[in-house]
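Below: one structure, written as structure tokens.
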Amino acid sequence: MPTPWRTSVRIFTEHDFARAMANSVLVAGSTMVLDVVAVSLAGYSLSRLDWRFKSSITYAVLLLQTMPLSATMVPIYGLARALGLRNSYAGLILIHAAIELPFLIWLMKNFFDNVPRYLEEAAWLDGRSKLRALVEVVLPVARNGIGVVAGLSFLAAWAEVLMMIILIDSQDLKTVPLAFYETLRTQGGYVEVQYGLVAAMGVLYALPVMALFLVTRRMMVRGLVASSRGL
Amino acid sequence: MARVEYAEVSKRFPTQDRAAVDHLSLDIADGEFLVLVGPSGCGKTTALRMLAGLEYPDRGDILIDGRSVIRLEPKDRDVALVFQSYALYPHMSVRDNIQYPLRVRQLSAAERLSKVEQVADLLGIRHLLPRRPAQLSGGEQQRVALARAIVREPRVFLMDEPLSNLDAKLRTHTRTELKALQKELGVTTIFVTHDQAEAMTMGDRIAVLDAGKLQQLGTPDSVYQRPANLFVAQFIGSPPMNIIDASRDGPALVLTGGWRVEAPRGVAGSDGIKVGLRPEAIELERAPASGAQPAEVLVSEPLGSEVIVNVKLGQALLKVRTGPDVRPDPGTRVFLRARPDGVRVFDALSGAALN
């Protein structure tokens, strides 16, 4: 009778789970960092700068979010192949980061709207460039928003399956969702789900997310509550 | 160490009908304490922000020490602004807030801290240095904002209604402190307020603005005694100047109610004039006297050191300042006399002063 321990060890020996976890952490973590940087800049300009087509662009950004992933699957495959992004970490990270951008930019813009302008104005007068004032004064004050953006973007990349299937077919790059998929075994004409392996993988899969949540939970809760009541 | 000039500065915000600032020209001397005063929406804050570089003028030029600054970024202008909301960085301690402007300079940490402590001593906030802005009272926050401005040793201090959020007692106390501090530091200061009393007590000179236009620029005395138009006459002074319709009859001015007052020399205009008399320019007597105009008392307001007597003259309601013992009851007949040097004459249509 297979024991839980022996089953769990099998995910490492037979399915290279360690590599899958490492890949997932790398991709989700990098996506998070890239998204935070991009969203801070984009959200800030949407919040502060004033130009004629600003509201059109804001709505366009929001509208892009409604596009379901399954509809964009094929075009993204074509784009990734044309740009040589298939089977590369860069491809995975860039595309995941891009998928999340519309919603996260709009979210961050709202957080920035709640940071009063006189703070960055004071920083300008104190001798800072616009970028330094953003980083040293505005972002710390909006850190709850950053926490929410970081958490959401990590989570989205962590759970993403569809894009993984489209973008990679190399065993070196597989992430945990793909490792789950591989536990399906065809035996004698039947497709069998090996629940023991799935359970073991599931437990380990949930751990980094829990860790991240423990670290950022205060920021995230404050951020999510603040956006409903107004800072 | 700086002279500031506004040269025909105009700005209009796209969402508004009229100009926020309309051809404003000011010349501010080095070391002067100039107050920009006027009702809400008169353009005083916009004018200040244009000097700071936070707004950009549509037309005109702004110069510091003879050099135009409108193409400079706020960080390159060497001006410090104390915001009405204080704008303290909430995520930093008071010490770090005050240090912040010094961090762009090549100073060692020790030099920075010593400057911070110097300024903190000057404003009496040394004990607040380790705290966060959220832990301070309004008055304390204001001092920190001031400290942050002073530590930079800028060419010009700008202050946007810094006392408006303080309670009345603290406000009057801080007024004198600020003025004394400015004299000690000798830095050119432009101070914005909507409170005319504040303007009168603090300014070396006052610039009165209304609807974006400069109404009068002068010392508190000249603005008070010789207002350039009806707006200034009624805005400056509390209680406000009495304004009465009048017409001319030879060498005299006839006010509503039949009061004859000797016309000041050199005043043209016959019809369509208004006469202004400050409450202290009207003498009030209990007994009839020749040349004194009878009027009926509506109510007396004792203020401790003086009394404001409200009297009815024809259709007009006048306020008269009297000594603390003069408190006529409502309905009493009193007799008014105008001090000749207190008679101001204005054109009813344009509002401009005629004498």
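Annotations for the structure displayed:
- Summed over the residues of the range B:164-320 and divided among them, the accessible surface reaches 45 Å² per residue at a probe radius of 1.4 Å.
- Note that the range A:164-178 has calculated 3J(HN,Hα) couplings of 4, 4, 6, 8, 10, 10, 9, 5, 5, 9, 4, 10, 4, x, 5 Hz, one per residue in order, obtained from phi through the Karplus relation 6.51 cos²θ - 1.76 cosθ + 1.60 (θ = phi - 60°); glycine and proline are x.
- For B:VAL297, net neighbour charge (Lys/Arg +1, Asp/Glu -1) across residues whose Cβ lies under 13 Å away: +1
- Largest accessible area first, the listed residues A:TRP106, A:TRP158, A:TRP5 line up as A:TRP5, A:TRP106, A:TRP158 when surface is computed with a 1.4 Å probe on the assembled protein chains.
- Mean accessible surface per residue for the range A:95-231, computed with a 1.4 Å probe while every protein chain stays in place, in Å²: 48
- Helix axis angle, B:168-185 relative to chain B longest principal axis, alpha carbon, degrees: 60
- Protein accessible area in the range B:1-80, 1.4 Å probe - carbon and sulfur %: 46
- Interface residues, the range B:48-97 - accessible area loss of 20 Å² or more versus chain alone, probe 1.4 Å: B:ARG49, B:LEU54, B:GLU73, B:PRO74, B:LYS75, B:PHE83, B:SER85, B:ALA87, B:TYR89, B:PRO90, B:HIS91
- Helix A:89-113 vs. chain A, principal-axis angle (Cα, 0 to 90°, nearest 10): 40
- Within the accessible area of chain A (1.4 Å probe), percent carbon and sulfur: 68
- Calculated FRET value between B:ARG333 and B:ARG265, using beta carbons and R₀ = 35 Å, to 0.05: 0.65
- Interface area, A with B, accessible, probe 1.4 Å, both sides summed, Å² nearest 100: 1700
- Overall dimensions of the protein assembly as shown, expressed as equivalent-ellipsoid semi-axes from the Cα gyration tensor (√(5λ), whole Å, largest first), are 72, 25, 23.
- Long-range HN-HN contacts of B:VAL156 with modeled amide H, under 5 Å: B:ALA80
- Longest DSSP-loop-exposure-free segment, trypsin sites (Lys or Arg not before Pro), chain B, at most 14 other Cβ within 10 Å: B:106-264
- The range B:1-124: Rg to Rh, with Rh as the Kirkwood radius over Cα pairs: 1.03
- Percent carbon-and-sulfur accessible area, the range B:164-318, ignoring ligands, DNA and RNA, probe 1.4 Å: 52
- The charge dipole of the range A:86-195, taken about its Cα centre with unit charges on the Cβ atoms of Lys, Arg (+1), Asp and Glu (-1) only, comes to about 200 debye.
- For the range A:77-122 versus the range B:280-355, the spacing of their alpha-carbon centroids is 72 Å.
- The range B:30-82, accessible area per residue, ligands and nucleic acids excluded (1.4 Å, Å²): 37
- Oblate is the label for the range A:86-138, because the ratio a/c of its alpha-carbon gyration tensor axes (a ≥ b ≥ c) is 1.5 or higher and a/b is not greater than b/c.
- Classified by the C-alpha gyration tensor, the range B:67-116 has an oblate form. Its axis ratio a/c, with a ≥ b ≥ c, is 1.5 or above, and a/b does not exceed b/c.
- Residue order for B:VAL345, A:VAL225 - accessible surface, 1.4 angstrom probe, largest first: A:VAL225, B:VAL345
- Within a Gaussian network of chain B (alpha carbon springs, distance under 10 Å), most fluctuating of B:GLY60, B:GLY41, B:GLY323: B:GLY323
The values are calculated or read from the model by the stated rules, or taken from the named source; none is laboratory data. Only a predicted model underlies this, so the values are computations on that prediction, with no experimental measurement involved. Here Cβ is always computed from backbone atoms with ideal geometry, including for glycine, and neighbour counts include all displayed protein chains. Areas reflect the complete protein model, heavy atoms only, side chains present, ligands, DNA and RNA absent. Shrake-Rupley method; radii C 1.70, N 1.55, O 1.52, S 1.80 Å.
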